[in-house]
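Chemist: A single structure is presented below for examination.
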Amino acid sequence: MEKSKILLVEDNEDDIELTVHAFQKSRVANEIVVLRDGETALDYIFGRGAYAGRARHDHPAFVLLDLKLPGISGLDVLRQVRKADDTRRIPIVILTTSDDEADIVTGYNLGVNSYIRKPVGFDAFSKVVDQLGLYWLVTNTPPPL
């Protein structure tokens, strides 16, 4: 059985590199799909545009979603994913630098599974990524298709 992919939606190149490196350090074998804006993330999830050939039911194991994205924001991505019957159960974790209370409340009101503020420093960040991988890829039982 093919391992589910991890979808990383992040526009900051340094944060992308840090996240991918932290997953590699944690020995996560799942493929990490990196998308750099909200519109492309929605195309991927809904199997449209450049991803029109992708099986729409082949959901990622979980999505790491930044809030501050070019074009469509992370909260708007979350809003659209939660509206559709076939995508609303995809686990989405907001991973952002924002500690704005309004962002946190809005994220949870829209159905985010977890809101994590990006830790400063590679060791702290690696620990968070390790825990995320362990929980979403090993501990959590996803809903049946």
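Chemist: Give region 1-20 a look and list any residue that's in contact (Cβ under 8 Å) with a residue 12 or more places away in the chain and assigned to a helix (DSSP H, G or I), or say none.
Modeler: Start the filter on region 1-20 by keeping residues that are in contact (Cβ under 8 Å) with a residue 12 or more places away in the chain, which leaves 3-12, 15-16, 18-20.
Result: Asp15, Ile16, Leu18, Thr19, Val20.
Chemist: Also, I was wondering about something else. Just a yes or no: is a residue in region 58-72 surrounded by fewer than 18 Cβ atoms within 10 Å (Cβ to Cβ) and hydrophobic (A, V, I, L, M, F, W, C)? Walk me through how you get there before you give the answer.
Modeler: Kept after step one, since they are surrounded by fewer than 18 Cβ atoms within 10 Å (Cβ to Cβ), are these residues of region 58-72: 58, 68, 70-72.
Filter once more, keeping what is hydrophobic (A, V, I, L, M, F, W, C): 72.
Yes, region 58-72 contains a residue that is surrounded by fewer than 18 Cβ atoms within 10 Å (Cβ to Cβ) and hydrophobic (A, V, I, L, M, F, W, C).
Chemist: With Arg36, Arg54, Arg79 as the choices, which residue is basic (Lys, Arg) and farther than 22 Å from Asp99 by Cα?
Modeler: After applying the criteria, what remains is Arg54.
Chemist: Let me ask something else. Yes or no: Ile6 touching a Phe, Trp or Tyr at 6+ places or on another chain (Cβ under 6 Å) and β-branched (Val, Ile, Thr)? Working first, answer last.
Modeler: Details: touching a Phe, Trp or Tyr at 6+ places or on another chain (Cβ under 6 Å): no; β-branched (Val, Ile, Thr): yes.
Against the criterion (touching a Phe, Trp or Tyr at 6+ places or on another chain (Cβ under 6 Å) and β-branched (Val, Ile, Thr)), Ile6 does not qualify.
Chemist: Here's another thing I want to ask about it. If Pro142 satisfies all but one of (1) without any contact (Cβ under 8 Å) to a residue 40 or more places away in the chain; (2) within 24 Å of Ser26 (Cβ to Cβ), what's the number of the condition it fails?
Modeler: All conditions are met except number (1).
Chemist: Let me ask something additional. If we keep just the residues of region 96-145 that are in contact with a Lys or Arg (Cβ under 6 Å, 6 or more places away or on another chain) and either surrounded by fewer than 18 Cβ atoms within 10 Å (Cβ to Cβ) or within 22 Å of Phe46 (Cα to Cα) (or both), which is modelled with the lowest pLDDT?
Modeler: Here the answer is Pro143.
Chemist: Let me ask something additional. Residue by residue through region 27-44, note down the ones that are crowded, with 17+ Cβ neighbours inside 10 Å and farther than 15 Å from Asp11 by Cα.
Modeler: Passing the criteria: Val28, Asn30, Asp43, Tyr44.
Chemist: Another question, if that's okay. Which pairs turn up if I take residues in region 87-113 that are at positive phi and look for partners that are of a type in the set (Lys, Arg) with beta carbon separation below 8 Å, at least 6 apart in sequence or on another chain?
Modeler: Gly111/Arg82; Gly111/Arg88
Chemist: Kindly provide the set of residues from region 104-145 that are β-branched (Val, Ile, Thr), assigned to a helix (DSSP H, G or I) and within 18 Å of Glu10 (Cβ to Cβ), ordered by number.
Modeler: Matches in region 104-145: Val128, Val129.
Chemist: Is it true that Asp76 is more than 14 Å from the chain's Cα centre (by Cα) and either of a type outside the set (S, T, N, Q) or not in a loop (DSSP other than H, G, I, E, B) (or both)?
Modeler: No; evaluated as a whole, the condition is false for this residue.
The values are calculated or read from the model by the stated rules, or taken from the named source; none is laboratory data. In this text the structure is predicted, and so the values were computed from the model without any measurement. Positions of Cβ are generated from backbone atoms using ideal geometry, with glycine treated the same way; all protein chains shown enter the neighbour counts.
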